[in-house]
Structures are given as C-alpha cells and as structure tokens.
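A short worksheet on the structure shown next.
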Amino acid sequence: MSAQREMKEKNPWQTPVTIIITVIGVIAIVALVTVAVLQNRPLPQKYKYGIVLDAGSSHTALYIYEWPAEKDNNTGRVEQTHSCKVKGPGISSYAHDPLKAGESLRVCMQEAEQRVPGKRHQETPLYLGATAGMRLLNIENSSASDEVLKAVESALQKFPFSYQGARILSGQEEGAFGWVTVNYLDDRLTQGLDTTGALDLGGASTQISFVSEKFDGSESPSNSVTFRLYGNDYNLYTHSFLCYGKDQALRMTLAQQTQSGQASILDPCFNTGYTVMKNYSVLYDSPCVSDRKPQNAPATFNQTGKGNFTECQEVVKSVFNFTHCKYSQCSFNGVFQPLLQGPFGAFSAYYFVMNFLNLTDTSIPLKAVEDKLNSFCSTPWNQIKQQHPDVKVKYLAEYCFSGTYILTLLTEGYKFDQTSYSNIKFIKKIKGSDAGWTLGYMLNLTNMIPAEAPDSPPLPHAGYVSIVTIMAVLLFILFIVSLRPLWPRCSKQPQIV
Ligand SMILES: O=P(O)(O)OP(=O)(O)OP(=O)(O)OC[C@H]1O[C@@H](n2cnc3c(O)ncnc32)[C@H](O)[C@@H]1O
Ligand SMILES: [Ca+2]
C-alpha cells in the first residue's frame, strides 16, 4: 500500500500542475493553428465582370469576362463566362439606318444584364470595339461611320453598366490584342515563356503578330509594338492587311475575274453545278475593289462554279502583289515581315474553314492539304449540299475558295513552309475563352496586366497551412520532451505485488 502511494506521489503526470500545463499547451497550439488557418483562409470568392462587344465586319459578338475580385491587378485568371452572337450583320452594314445598328445589340445586352449579378452592374466596364468593316466604312464615308458609332453608343448607354466607349480599333491594336489574348490564356506572360504568334482571319481584314528575335522594330517601326508585361519586355511584330479578310478577298478575286464586265464567269473557286446571279454594283461597293469597277458592265453577272483548285489558286495569288519590297524581306504588297518564329495560334475564319475541311492537323504534308482541297473543290455542288444539309449554304458554297485562300495566304503570303506550317495550331478557344482581340483589349484598358511581376505570397495557402500545423506539432513534441526530467522512470518502477 505504501509503495503504491509513493509511486502516485512520484508520478508527475498526475500532479495538478503538470496536467494544467499540458492542457494549456494543447489549447494554445490548437488556438495557434486555428487562428493561423482562419486568418489566412482564402475569402469566399467574389467576382468582378467586364463586357466587350466585338463589332466585326460580318457580325457583332458580346463577351462577358469574370475574375476573382481580390485579384484585380494580379495574376488572377480572367475567364470568359458567356458569349452572345448578335443577330444580323455587322454594324457597318447599317450605314443607311444607324439606329438599327444600336437596336441590333439589344437582345445580347439584355442577356448580359441577366448574366452579370445586379449588384455588380454599375461597376462592370462595357466596351465596344469595331474592326475592319467600320474601318472600310470610315474610309468610304466617315460621317456614316460616325453616325453608326453614335447610334451604338446611345443604345449601350441605356444599360446599367459602366459604359467606357465605342471606337474603331486600328489594325495594329487588333493584331496586338489578339496576341495578348492568346499568350495570356496560355499562361505564357506570367511565366516569361516563349510566346505564341497570333493569326486572325476576319471577314474584312487579317492580322499576323509574333515575336521574332530578329526584329527590333527599327526596320519598320509601324509594325512594331512594345510591351512590358509581368516584368518582361516584348517587341512584337504585327501587321493587319485591310481587304484581306475572307469576304473582301473573295470580292477581290471576283473583281479580278470580272474586269471585262462580262455577263457570266466560270469560277474555279466554286464547285461545279453551283450557279448564282450577282450584282455588279453590290460586288464593287467596297473600297477594296471600288476603283476597279468595269465601265459599261451590265447590272448583273452569272457566277458558275468550275471546281478547279489549281486554277483557283492562280486567281487567288493574283490578289497578292509580290513585285516590290523596300525592306530586307516582305510578306506581300511591300509589307515588311521578319523571319517567322515560334508556334502560332490561328483563329476566327482560319479555324472555321480548316475545321470544316478536316484540315486542322498541321502535321500532314502541305501536299496532302492541297490534295484535300483539290478533291473538295472538284466535288459537285449537289453532292456537297447533300453531305452537309445542316451547314449554312453561304459558308458551304465558299469553302473551296476559303480553303484555297487560307493555304495561299499562309504559304505564299506569309511564307510558311512545311516546317513552320506544322507549328500552326488552328484554335477556336483556349481554356474556355474565345481566341480573339477582345480579352487582350479589356485586360489592357482595365490595367489588369501589370508591367512588373506582382509580389506573390511565397507559399500557396495549402503549403502555409501544412507548415503551421507541422511546426505546431513539433513544438508540442518539444514541449513534452522538455518535461522529460519529470517523466516516471519505468525501469525503476516498484513492483506491485
Ligand atoms: O475581323 P473582321 O474583319 O472585322 O470580321 P469579323 O470579326 O466579322 O469576322 P469573323 O472572325 O467573325 O468571321 C470571319 C469570317 O468567317 C465567316 N464565318 C463565320 N462562321 C463561319 C463558319 O462556320 N464557316 C465558315 N465561315 C464562317 C464570317 O462570315 C466571316 O466571313
Ligand atoms: Ca474579327
């Protein structure tokens, strides 16, 4: 009995002081971990929004972007959450009735009102950028393009967003912002990785933008755009060819074939059996061809398909001018272009057309691309229509021309060869956001890409929590070990009998 009492007296774990210290120690550690975790827990996500209207030559599209509110000026991901295609043609087609241009945007704008949470409406910036269709209208009739912009402006101001203006982008801006979009979405800017070039084929203009080590801007300053993004300097080559979008290029090839003002043409770029009547005044109603309108032409002409890829390529080539170049090297029309470099993302009509033609695989030989186009162009129109009953007839009829034009623009125009062609990726979206100039435009106007790399916490939240927990547990163990002198000595424990 006395031995038992003696042991109880000597066992420090059972002394009130030790028990109190242990309990306080445990509580302190739990409190430390809890406070650290709670204090640094990511806040419940709140989002901010931005809206950009892309007023293209062929149509207008509205994009809604979203990003976590606390990452405004940081590397926070901006994502496209919604897009809306405006019914009807591009705003430049409403030159004769500008109010209708404004009205046409209403449905998509109402959709945006539904999609952006009400309490964010007032702080959500809204931009409209117009591209080559409005550039052409501005050349043709600048007061008409002003009227159209005014009409869309007053339509947009009726909505509860923070309206930031409607303007015509320069070709340089369109090319540069397309490049920013592609590289932002690919995470190439924050990481300082090699960049991807951007190829955009619209209806009325086409853009090529890429970084080339050989290009410092001095040879052709008008093709140079410099950026400092996330602490890295970029010297971008960019050029926009007005009239070389797919619709205006088609006009130019038709103009080429109707120079003598004939009443009918056999067009190699359309399938055999395809025939339509076209109006001379409509065809030549564009600054891209208006100066070439034949005198004494009849009102209309018949366009009949001949379905011949090789001949089509010859006509298409004739709209490019390769004769003069005052620089070390040119693409076409005397425009400077440095050596092609790096991978390229090709979007808009590049994607629509090559995707339809099953030609998005760029690892195949260029000869195989030609063979495929050859075979598509020579397929009779009836058969094409039968095989693709769901495709819009206007697009369907033009795929032979469009495919031939894309191949010619890339290989003859921009000088892509077998190797560099295989570096092109035909893309529509990157991580859920459409490839195009709109995202880059918004990121720039909202200052969302800082010039310098932002300070980021040295550890991600999960890493931080793990380290705090491990440290706390270690402290606890240390504390227990420090009580060692008070531990009972097991070996010397008296035998209980
Ligand atoms: O950039 P700009 O020149 O102002 O023109 P846009 O913005 O209106 O041009 P898009 O990229 O929207 O479209 C480019 C062209 O592709 C056409 N297009 C759109 N969808 C298509 C599809 O599914 N198949 C074929 N062509 C298509 C469209 O009519 C245009 O001629
Ligand atoms: Ca466009």
| Among 348, 294, 403, which residue has its Cα positioned farthest towards the positive end of the charge dipole of the chain, with +1 placed on the Cβ of Lys and Arg, -1 on the Cβ of Asp and Glu, and the dipole taken about the Cα centre? | 348
| message | Given axes a ≥ b ≥ c from the Cα gyration tensor, I'd like to know whether the range 298-371 is rounded (a/c under 1.5), prolate (a/b larger than b/c) or oblate. | response | oblate
| said: Between the range 235-282 and the range 93-143, what is the separation of their alpha carbon centroids in Å? | reply: 28 Å
| said: With a 1.4 Å probe and all protein chains left in place, how much accessible area per residue does the chain have, in Å²? | reply: 50 Å²
| query | Which helices of the chain meet both criteria: a Cα extent of 30 Å or more along the helical axis and a mean Kyte-Doolittle score no lower than -1.0, with helices taken as whole DSSP H segments? | reply | 16-39, 461-482
| query | Can you pull the percent of the range 229-381's accessible area that's carbon plus sulfur, 1.4 Å probe, other chains left in place? | reply | 50 percent
| query | Per-residue ellipticity at 222 nm for the chain, helices alone: DSSP H runs ≥ 4 residues times -39500 (n - 2.57), over residue total, nearest 500 deg cm²/dmol? | reply | -12000 deg cm²/dmol
| message | Straight-line reach only, C-alpha to C-alpha below 17 angstrom: list the aspartates and glutamates that residue 87 could link to, leaving out same-chain residues fewer than 8 apart. | response | 54, 97, 103, 111
| query | When we measure straight from the Cα of residue 158, which lysines land under 19 angstrom away, once same-chain ones fewer than 8 places off are left out? | reply | 100, 119, 150
| note | Residue span residue 445 to residue 474: 0.36 nm per residue of separation minus Cα-Cα distance leaves a gain in nm of 5.5 nm
| request: Can you tell me which of 92-102, 279-289 comes out highest on packing, and rank the rest after it, using the mean Cβ neighbours within 10 Å? | output: 92-102, 279-289
| note | Using alpha-carbon positions, the gyration tensor of the range 172-436 gives root eigenvalues a ≥ b ≥ c; with a/c under 1.5 called rounded, otherwise prolate if a/b exceeds b/c, else oblate, the class is prolate
| field | Selection from 129, 165, 28 lying farthest towards where the dipole of the chain points positive, charges on Cβ | value | 28
| said: Counting only protein heavy atoms and a 1.4 Å probe, tell me what percentage of the range 75-198's accessible area is made up of carbon and sulfur. | reply: 44 percent
| message | Just to be sure I understand: of the beta bridges DSSP finds with both ends in the chain, what percent are antiparallel, rounded to 5? | response | 65 percent
| request: Just the number, please: percent antiparallel of the DSSP beta bridges in the range 46-168, rounded to the nearest 5. | output: 60 percent
| Spatial separation of Cα centroids for the range 398-429 and the range 151-220, in angstrom | 20 Å
| query | Rounded if a/c is under 1.5, else prolate if a/b is larger than b/c, else oblate: which is the range 255-379, with a ≥ b ≥ c the root eigenvalues of its Cα gyration tensor? | reply | oblate
| note | The pairs in 392/429; 278/429; 48/428; 367/428; 48/392; 293/415 lying past 27 Å Cα-Cα in this model are 278/429; 48/392; 293/415
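The values are calculated or read from the model by the stated rules, or taken from the named source; none is laboratory data. Every value quoted in this text rests on a predicted model; they were computed, and no experiment measured them. When we count neighbours, we look across all protein chains shown, and the Cβ atoms used for this are built from the backbone with ideal geometry, even at glycine. Surface accessibility is based on the protein's heavy atoms, side chains included, excluding ligands, DNA and RNA. Shrake-Rupley method; radii C 1.70, N 1.55, O 1.52, S 1.80 Å.
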